[in-house]
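Accompanying notes for the structure given below.
The values are calculated or read from the model by the stated rules, or taken from the named source; none is laboratory data. Because the structure is predicted, anything quoted here is derived from the model rather than measured. Note that each Cβ is placed from the backbone with ideal geometry, even for glycine, and that neighbours are counted across all protein chains shown. What goes into the accessible areas is simple: the full protein's heavy atoms, side chains included, and nothing from ligands, DNA or RNA. Shrake-Rupley method; radii C 1.70, N 1.55, O 1.52, S 1.80 Å.
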Amino acid sequence: MLQAVTQPSLDDEPIAPAVRAFIEENFLFRSNSAELLDDQSLMAADLLDSTGVLELVAFLEERFGIVMQDAEIVPENLDSIRAISAFVARKRSS
Amino acid sequence: MCGVAGYCGVDSSEDVGRSILTDMIGALRHRGPDDAGAYVDGNAGLGHARLSIIDIGGGHQPMSGERDATWIAFNGEIFNYVELRQELIAEGVQFRTQSDTEVILRLYEKLGGRCVEKLNGDFAFAIWDRTRRELFLARDRMGVRPLFYTTVGGTLYFASEIKALLAVPGVSAELDPIALDQTFTFWFPLAPRTHFKGISELPPGHILVARDGRTEVSAYWRLDYPEADDPLDGDEAAITEEVRALLVDATRIRLRSDVPVGSYLSGGLDSSLVTAMAKALQPDRLTSFSIAFEDAEFDESAFQDHMVKALATDHHRFGCGTRDIAEIFPSVVRATERPMLRTAPAPLFLLSRRVHENGFKVVLTGEGADEVFAGYDIFKESAVRRFCARQPGSHSRPMLFKRLYPYLPGLQNQQPAYLEAFFKARPEDLHDPLFSHLPRFRNTSAAKVFYSPEMARELQGYDALAELRERLPQDFSRWHRLSQAQYLEAAHLLPGYILSSQGDRVAMAHAVEGRFPFLDHRVVELAARIPPRLKLKGLREKHILREAARDMLPTAVGNRPKQPYRAPDAQAFSDPSAPAWIASSLSAERVREQGYFDATAVAKLDAKRRAGRIAGYRDTVALTGILSTSVWHDSFCQRKNETNVTFLGGHHASSRHAAIAGR
């Protein structure tokens with residue numbers, strides 16, 4: 001995450017706001033919500049169901065030009081805005 | 001099969017009484033187009049809309065008993081009326097008709113309210129006892145036939161459907177927020193609650209006695225299971241034989257009719273078995289009906305063909321596409337009188353219309369087998385969740401969830417870590433009496449994110465799961481886990497959702513009576529006593545039923561894994577050519593005016609719908625629930641004052657009468 005912030009490239013856009021916007025638009029159905037914290041578990045908040053995970057993966061791949069391996073589709077990488085952003089930043093920098 | 005209505009309370013003139021009964025019965029005409037009748041006696045009145053099935057010439061209702069001291073209005077069938085009639089005749093009772101209606105009346109004259117204990121059937125009836133000046137209402141054990149009531153100005157009104165109650169002056173429709181919250185948790189409100197504030201359902205297996213302005217509701221039957229370590233004696237072969245014999249008898253008495261009886265044939269085990277038994281019992285003639293879905297994901301035509309060939313029934317199949325579902329959905333909501341989270345009732349609504357068009361009034365169905373003999377995936381899911389909980393972190397155990405749901409693509413593409421995460425039992429869940437159903441209840445509850453702030457405020461502090469837990473029978477905790485899960489399905493979901501929205505209501509919308517051999521209370525009671533290991537054997541659902549059906553079905557059908565009956569949900573509402581009512585129901589203006597849901601959130605869901613991106617369970621039930629609530633509101637809640645009156649404001653329109661009676 002830190003790495004991504006300190007070494008921005010031209011095609012980089014701030015990751016966390018884009019992830020938040022997607023989640024708010026598609027899972028929370030509310031904008032600029034104070035209800036959803038960056039560290040909050042999406043599953044514990046009942047925001048993500050089994051189809052939601054697939055929607056999220058498709059969004060990340062399209063938006064950030066990454067390809068997620070099966071083994072990467074795990075809650076550790078995807079269960080909060082912060083975790084997702086960190087994961088995407090790692091993928092893009094690798 | 002018919003519709004009943006009536007009242008008991010404050011004295012009114014004969015003219016006023018008849019006028020009210022006429023309006024009430026007018027609202028039930030679809031249930032009984034063949035005949036109508038009314039009876040008024042001072043402070044009480046009975047009305048009846050008749051679909052003639054047994055003793056077509058002699059069964060006019062309301063019907064009176066000895067010296068006109070008792071009067072009855074009856075909806076349903078008493079399948080053992082032949083035997084009961086013989087018993088009564090042997091005791092010297094004289095009959096005027098051949099009808100099952102008169103059997104109830106004679107039994108009541110002999111036993112009073114305890115007559116219900118002798119009845120094997122699907123019934124909702126009202127008896128006015130002139131001598132005692134007492135109204136007696138009763139409903140069948142499993143909740144096949146509906147019965148609702150409300151009180152206005154000291155008078156109790158009752159009817160087969162809520163439409164008829166809304167025809168009574170002074171009764172208005174207003175959404176009960178708790179009922180909506182229960183629906184957005186369980187898919188249905190917990191009886192006696194209905195979606196209509198102030199209107200109650202007489203729960204299955206209950207009677208109501210009204211006298212001198214007092215009303216008493218009590219249970220005469222309850223679904224019961226043995227303690228976990230106290231199952232039925234006898235070996236598997238003997239139990240199998242007992243199940244077979246009883247099912248054949250349950251089917252045999254359900255073929256009693258003075259009009260032809262047809263059969264629904266989905267291609268699954270349950271309806272195939274019922275159809276096979278019916279064909280064996282009446283080899284000459286049997287007409288069967290089925291739905292073919294355009295979408296291969298839901299279609300079972302190949303299995304239907306197999307059965308039709310094996311049984312040589314005269315089969316009628318009608319096609320159902322997403323467009324049909326979207327178009328008919330508002331009519332389904334008006335027929336079932338409820339917001340609903342699934343579209344599955346819609347194809348059955350269309351099917352009953354075809355049955356009616358083909359001249360049939362009665363069909364047998366396989367409904368109930370999954371509850372009674374443990375067929376639903378949720379029973380297996382629950383067992384697998386416990387299995388996984390014993391070894392947290394296992395990667396192989398969660399893969400079993402894929403085996404449970406071969407027909408759900410979203411789940412098939414899931415990684416083990418997420419499978420485990422979704423189905424994972426939290427430590428406190430393992431001791432929760434609702435353990436088996438927690439994932440479903442939680443997934444459904446996720447759709448509450450769409451509540452409007454007013455709705456959320458109104459429901460603050462209310463916990464639907466807690467209410468259900470409190471209502472469980474005292475000995476529930478001593479039952480086997482499978483029995484507990486079966487109880488939740490059979491005592492709650494079956495009457496609350498399945499029979500109410502896929503059974504009586506969608507069939508009777510077209511004057512078709514469904515008959516359910518698996519819901520014969522003798523079958524239900526026997527199945528409850530069968531050891532759980534014989535119902536769910538490993539992950540083989542309905543094991544004992546499959547064994548009982550072995551010689552009656554082709555192997556391919558008998559061994560076929562369970563495919564739950566499902567219909568296209570979100571797809572039906574997302575098609576670019578979907579009917580206009582969908583977009584207008586989701587418009588910000590309409591959503592705000594109705595006040596139940598958050599207009600901004602609904603707009604985002606609608607954007608997802610228009611993009612064809614609604615695929616998951618939560619979004620699907622939310623979309624269906626929001627649409628059906630909107631249709632429900634438009635159909636039943638007439639607001640006189642248009643100036644910003646919300647459903648929470650307690651505003652009552654003064655007359656529901658004209659608006660509803662004509663629908």
TODO: Output the number of residues of the stretch B:540-585 satisfying the condition of being of a type in the set (A, V, I, L, M) and open to solvent by 10 Å² or more (accessible area, probe 1.4 Å).
DONE: 6
Task: Single residue of the stretch A:31-51 satisfying the filter (touching a Leu at 6+ places or on another chain (Cβ under 8 Å) and open to solvent by less than 60 Å² (accessible area, probe 1.4 Å)) that is nearest to the other protein chains (Cβ to nearest Cβ) - done: A:50
Task: First in the stretch B:242-266 and without any contact (Cβ under 8 Å) to a residue 60 or more places away in the chain and part of a loop (DSSP other than H, G, I, E, B), second anywhere and small (Gly, Ala, Ser) and surrounded by 22 or more Cβ atoms within 10 Å (Cβ to Cβ), Cβ under 6 Å, 6 or more apart - done: B:265/B:271; B:265/B:288; B:265/B:290
Open item on the list: Regarding the stretch B:205-214, can at least one residue be identified that is at positive phi and either modelled with pLDDT under 95 or open to solvent by 10 Å² or more (accessible area, probe 1.4 Å) (or both)?
Closed with: yes
Open item on the list: Residues that are at pLDDT below 95 and touching a Lys or Arg at 6+ places or on another chain (Cβ under 9 Å): does the stretch B:246-259 have at least one?
Closed with: yes
TODO: Just need a number here: residues in the stretch B:215-236 that are open to solvent by less than 60 Å² (accessible area, probe 1.4 Å) and assigned to a loop (DSSP other than H, G, I, E, B).
DONE: 9
Task: Candidate set: the stretch B:444-465, residues that are within 11 Å of another protein chain (Cβ to nearest Cβ) and under 29 Å from residue B:478 (Cβ atoms); chosen: the one surrounded by the fewest Cβ atoms within 10 Å (Cβ to Cβ) - done: B:445
Open item on the list: I want to confirm something. Restricting to the stretch B:592-605 and keeping residues that are at the interface with chain A (Cβ under 10 Å from one of its Cβ atoms) and assigned to a helix (DSSP H, G or I), which single residue is most open to solvent (accessible area, probe 1.4 Å)?
Closed with: B:600
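Does residue B:347 fit the bill of being outside the structural domain of residue B:540 (by TED's automatic domain parsing) and either touching a Gly at 6+ places or on another chain (Cβ under 6 Å) or of a type outside the set (Gly, Ala, Ser) (or both)?
Here the answer is no, as residue B:347 does not meet what is asked.
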Open item on the list: Just to be sure before I move on: is residue B:239 part of a helix (DSSP H, G or I) and either more than 30 Å from residue B:551 (Cα to Cα) or basic (Lys, Arg) (or both) in the structure I sent?
Closed with: no
TODO: Those residues that are more than 14 Å from residue B:450 (Cα to Cα) and either out of contact with any strand residue (DSSP E or B) (no Cβ under 6 Å at 6 or more places or on another chain) or open to solvent by less than 10 Å² (accessible area, probe 1.4 Å) (or both), I need them from the stretch B:177-193; list them, please.
DONE: B:178, B:179, B:182, B:186, B:187, B:188, B:189, B:190, B:193
- [ ] Output the residues belonging to the stretch B:615-642 that are more than 25 Å from the chain's Cα centre (by Cα) and more than 9 Å from every other protein chain (Cβ to nearest Cβ).
- [x] B:638, B:639, B:640, B:641, B:642
Task: In the stretch B:572-591, residue farthest from the other protein chains (Cβ to nearest Cβ) [restricted to those that are among the hydroxyl-bearing types (Ser, Thr, Tyr) and in contact (Cβ under 8 Å) with a residue 12 or more places away in the chain] - done: B:577
Task: Within the stretch B:561-585, tally of residues that are touching a helix residue (DSSP H, G or I) at 6+ places or on another chain (Cβ under 9 Å) and over 24 Å from residue B:497 (Cβ atoms) - done: 7
